[in-house]
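K.L.:
Got a structure here, written out as structure tokens. Questions coming.
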Amino acid sequence: MAVILIAIGMLLTGIDIHGQFGIWYPAFHVEGAVGKYELSESIRLYTTKNILGNEVQVDFLPDVLGCLFILAGVCMLVKYNRQFLLSIPFIVATAVLSVLLRVSGFITQGPDLVIWILACYFLQIACELFMEYFVIYCTAGATDALVNQATNTRMLFGWWITVLCRVYMSFLTFVGHFGVKRWYQVVLGLATLFFLYHLFTTRKYVGLSKPLKIGERRLRSRKEKL
């Protein structure tokens with residue numbers, strides 16, 4: 001059950017489908033300097049229009065709910081691999097930042113809003129990836145039975161593809177290249193389904209072998225490449 005909860009949570013956090021319900025932000029007034037530095041017009045535009053938008057964007061696959069599923073699964077699996085504890089701060093931070101980003105347009109104005117949006121946006125992406133990194137590698141470590149090692153390798157391969165897609169997509173969103181972003185969304189969806197399928201199949205091997213630490217798993221991966 002724990003692995004199923006994690007798989008559902010990663011589906012919710014890994015794929016974003018946004019909609020709008022007519023809740024408008026106040027008019028943005030972001031002119032001015034931050035300290036001694038004047039923000040360029042392009043940075044102000046990219047931040048307020050491309051990242052935040054004029055209306056509140058609601059995620060139909062909410063990250064907060066996904067984080068709750070992942071946290072529940074992690075708490076159930078921590079007895080099999082203590083390194084799951086490393087993911088908890090990033091789970092909490094991802095949930096909090098996902099909410100802060102969407103309400104930031106109501107919190108402040110002026111050039112500080114630009115800094116606030118950029119900080120929330122890129123910190124959320126970083127925390128989400130670190131969260132998934134620890135969870136996915138700890139799950140592989142807790143299901144390291146010999147018969148399941150090849151499945152774990154495929155699972156990790158698929159997850160790393162999603163990481164590359166999301167990194168590129170974050171910068172494409174920032175600069176407003178939404179047409180190119182859609183192609184990465186297709187690849188992201190396929191890679192997500194691929195690694196989640198293999199994650200789901202690992203559930204019956206939980207606790208059947210000695211836990212493998214993350215560093216040991218990474219070392220094995222490098223040896224497999226050689």
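The values are calculated or read from the model by the stated rules, or taken from the named source; none is laboratory data. Not measured: the values here are computed from a predicted model. For neighbour counting, all protein chains shown are included, and Cβ atoms are generated from backbone atoms with ideal geometry for every residue, glycine included. Protein only, heavy atoms only, side chains kept; ligands, DNA and RNA dropped before computing areas. Shrake-Rupley method; radii C 1.70, N 1.55, O 1.52, S 1.80 Å.
K.L.:
Here are the criteria: (1) within 28 Å of I43 (Cα to Cα); (2) under 16 Å from the mean Cα position of the chain (by Cα); (3) surrounded by 15 or more Cβ atoms within 10 Å (Cβ to Cβ). Tell me which single one L196 does not satisfy.
P.N.:
Result: L196 fails condition (1) only.
K.L.:
Consider the stretch 6-32. How many of its residues are at pLDDT 80 or above and within 16 Å of the chain's Cα centre (by Cα)?
P.N.:
The number of residues fulfilling the criteria is 12.
K.L.:
If you go through the stretch 146-174, how many residues are among the aromatic types (F, W, Y) and in contact with a helix residue (DSSP H, G or I) (Cβ under 6 Å, 6 or more places away or on another chain)?
P.N.:
Keep residues of the stretch 146-174 that are among the aromatic types (F, W, Y), which gives 157, 159-160, 168, 171, 174.
From the residues that got through so far, the ones that are in contact with a helix residue (DSSP H, G or I) (Cβ under 6 Å, 6 or more places away or on another chain) too are 159, 168, 174.
Within the stretch 146-174, residues that are among the aromatic types (F, W, Y) and in contact with a helix residue (DSSP H, G or I) (Cβ under 6 Å, 6 or more places away or on another chain) number 3.
K.L.:
Taking only the stretch 80-91 into account, find how many residues are without any contact (Cβ under 8 Å) to a residue 40 or more places away in the chain and either under 15 Å from I6 (Cα atoms) or not in a helix (DSSP H, G or I) (or both).
P.N.:
2
K.L.:
Output the number of the condition that G215 fails; it satisfies all remaining conditions of (1) loosely packed, with under 15 Cβ neighbours inside 10 Å; (2) assigned to a loop (DSSP other than H, G, I, E, B).
P.N.:
That leaves (2) as the condition not met.
K.L.:
Is it the case that some residue within the stretch 160-176 is under 21 Å from L5 (Cβ atoms), free of Cβ contacts under 8 Å to residues at least 60 places away in the same chain, open to solvent by 40 Å² or more (accessible area, probe 1.4 Å) and in a helix (DSSP H, G or I)?
P.N.:
no
K.L.:
Let me ask something additional. So, of the residues in the stretch 177-193 that are among the hydrophobic types (A, V, I, L, M, F, W, C) and open to solvent by 40 Å² or more (accessible area, probe 1.4 Å), which turns out to be nearest to L12 (Cα to Cα)? Break it down stepwise before answering.
P.N.:
Within the stretch 177-193, the first condition is being among the hydrophobic types (A, V, I, L, M, F, W, C), and the residues that meet it are 178, 180, 183, 186-188, 190-191, 193.
Okay, now just the ones that are also open to solvent by 40 Å² or more (accessible area, probe 1.4 Å), so 178, 180, 183, 186-187, 190, 193.
Working: F178: 21, V180: 22, W183: 19, V186: 16, V187: 16, L190: 14, L193: 12 Å.
The extreme case among them is L193.
K.L.:
Mind checking which pairs have a first residue in the stretch 140-158 that is without any contact (Cβ under 8 Å) to a residue 24 or more places away in the chain and a second that is open to solvent by 50 Å² or more (accessible area, probe 1.4 Å), Cβ under 9 Å, 6 or more apart or different chains?
P.N.:
Listed by first residue and then by second, the contacts come to Q149/R220.
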